[in-house]
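The structure appears right after this line, and notes come after that.
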């Protein structure tokens, strides 16, 4: 049973590890898009809240996965 588990793990893990470099390249390409580069993003919530209060603006959150293809 252990041998089967290890074999399955290798079968699924090896292709994912081989694609890891491609994920980083795609992530870097996404960071160059206009909607990312033309906005001034604040990465910490408390800083964003303080800035929003000061400027009387709303906070817009953008959530993504850096490993998404």
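Rule-based calculations on the coordinates, nothing more; no lab input. All figures in this text were calculated on a predicted structure; none of them were measured in a lab.
Output the Kirkwood hydrodynamic radius of region 21-69, Cα pairs only, in Å rounded to one decimal. Don't skip to the answer; put the middle values down first.
Working: mean 1/r = 0.0797 Å⁻¹.
Evaluated on region 21-69, it is 12.5 Å.
Per-residue extension of 0.36 nm, minus the Cα-Cα distance of residue 53 and residue 38, leaves a gain of 3.2 nm for this segment.
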